[in-house]
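A short worksheet on the structure shown next.
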Amino acid sequence: MDSNSLKKRLEKYPRVKLMWGRTPIVYAANISRELEIDLYIKRDDLTGLALGGNKTRKLEFLLGDALRKNCDTVITAGAVHSNHALQTAAAAQKLGLEAVLVLRGVAENKGNYFLDRLLDAEIRVYEAKTGGELQNYMEEIQRELLAGGKKPYLIPVGGSSPTGVLGYIKAAAEIMEQGRELNLAWDYVVSATSSGGTQAGILLGLKTIAPAVKPLCIGVGDPREELLAAVQGLVQETAAMLELEGGVLTGAEIEGSTIAGYGFGGYGTIVKEVIEVIRYVARKEGIYLDPVYTGKAFFGLLDLAKRKIIPPGSRVLFVHTGGVGGLFQYEDLVSGMLP
Ligand code: 5PA
């Protein structure tokens, strides 16, 4: 199937425009020279909503669905520094919907949490340990709002529902179109993966329109089995929504594209090796990565290229999924790691 036919299939799902347009792809000339690969960066950190990031793409479809269902309030969840929560609150406010953020951790008045407060989002912070616990709190709030006559729309952690995945199916089509315009056939598309929605969209989208391109989705410390199960489920359900039965990936294909070993002890751990990578990319290309997702994913990319698992001469697209607000959440910790 070609990218236009894939985009046609997306048209039956409502979408609100939150992106400025297509995000740019830039050539990382200095890093390319050092790694002996051709490295391009897709600037999904520049989507145009709040601080930008991958959630904008998912929210275009999620909030399209919420508006079609006449909902008036959006509930979502994440860690206290969640990029997804910030993006959701910003998008909801812009569209005239109320936003309730269900956050876990310790609230400190900085980073994304501070930006959430500037948006006047309703924030509830819990000491929950897992995403599952947050889901229960969200459902409790949903019942509360329904009883009060509201029409809530619940978005899971990371916006990783099949409707959210549609955003990264569209991104896969965009990546292939831009490749054609640049006269480039991508060998690899590399991104961070956490709640699995971005990965599911990239895998299913590429498998459908560009099966020769190899996706490498780098885990950032979440439990691998849970991630694989989430991606498998999302791929299946999204394929059914778009009638892409031929595009469904096998468990082995999903496992093969899910790269472990770069979580540095677990989700949200801030480590010096990753800060070194953030400094390197900032110095070489003038682009900031974040310490929780894109910094770890880029560490993985550098390591795979140095070990020639990504062979010299490969054309590699790194998807910068945003998250720069995270640097300000951990300003003190990161400052202590600087030389
Ligand atoms: C996140 C996730 P997925 O969740 O779709 O796998 O995307 C991973 C990812 N890059 C990549 C950035 C900057 C991200 O923020 N963020 C979550 C959040 O709550 O912000 C879902 C965890």
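Here, each number is a calculation from the coordinates, and none is a lab measurement. None of these values were measured; they are calculated from a predicted model. We place every Cβ from the backbone using ideal geometry, glycine too, and count neighbours over all the protein chains shown.
Multiply the residue gap between Ala147 and Leu184 by 0.36 nm, knock off their C-alpha separation, and tell me the result in nm, one decimal place.
7.9 nm
May I ask you to sort Thr250, Thr56 by Cβ crowding, counting other Cβ atoms within 10 Å and putting the fewest first?
Least to most surrounded, the residues fall as Thr250, Thr56.
With the dipole of the range 22-145 worked out from charges on the C-beta (+1 for Lys and Arg, -1 for Asp and Glu) around the Cα centre, which of Gln142, Ala107, Thr47 lies farthest toward the positive end?
Thr47
Which translational diffusion coefficient, to the nearest whole µm²/s, is obtained for the range 1-106 from the Stokes-Einstein equation, given a Kirkwood hydrodynamic radius over C-alpha pairs, 25 °C and 0.890 mPa s?
My calculation gives 156 µm²/s for D.
Calculate the dipole size of the chain relative to its Cα centre from +1 charges on Lys and Arg beta carbons and -1 charges on Asp and Glu beta carbons; express the result in debye to the nearest 20.
Dipole of the chain, to the nearest 20 debye: 680 debye.
Across the range 59-208, how many lysine pairs separated by 8 or more positions, or lying on different chains, have Cα atoms within less than 19 Å?
Taking the range 59-208 as the scope, the lysine pair count is 6.
Can you run the Rg to Rh ratio on the range 55-159? Use alpha carbon positions and the Kirkwood inverse-distance Rh.
Using only Cα positions, Rg/Rh for the range 55-159 is 0.93.
Listing Glu139, Glu60 from the residue with the fewest other Cβ atoms within 10 Å to the one with the most, what is the order?
So the ranking, lowest neighbour count to highest, is Glu139, Glu60.
Take every DSSP beta bridge whose two residues both sit in the chain, then give the antiparallel share in percent to the nearest 5.
About 10 percent, rounded to the nearest 5.
Arrange Val316, Val165, Val106 by Cβ neighbour counts within 10 Å, fewest through most, would you?
Sorted ascending by nearby Cβ count, the order is Val106, Val316, Val165.
Rank Phe61, Thr73, Asn83 by how far each Cα sits towards the positive end of the charge dipole of the range 55-159 (+1 on Lys, Arg Cβ; -1 on Asp, Glu Cβ) and give me just the farthest.
Phe61
Just flag the GluC sites (Glu not before Pro) in the range 224-325 sitting in loop per DSSP whose Cβ has no more than 15 other Cβ atoms within 10 Å.
Of the GluC sites (Glu not before Pro), the ones in loops of the range 224-325 whose Cβ has at most 15 other Cβ atoms within 10 Å are Glu243.
Give me the tail of P(r) for the chain as a percent: Cα-Cα pairs with distance above 35 Å.
Across the chain, Cα pairs with separations above 35 Å total 17 percent.
What are the trypsin sites (Lys or Arg not before Pro) within the range 258-327 that DSSP puts in a loop, where the Cβ has at most 15 other Cβ atoms within 10 Å?
Sites meeting the loop and neighbour criteria: Arg307, Lys308.
Please compute the length gained on full extension between Glu34 and Arg283, using 0.36 nm multiplied by the number of residues separating them and subtracting their Cα-Cα distance.
88.3 nm
Would you compute, from DSSP H runs of 4+ residues alone, the mean residue ellipticity of the chain at 222 nm, taking -39500 (n - 2.57) per run and dividing by the full residue count, rounded to the nearest 500?
That comes out to -14500 deg cm²/dmol.
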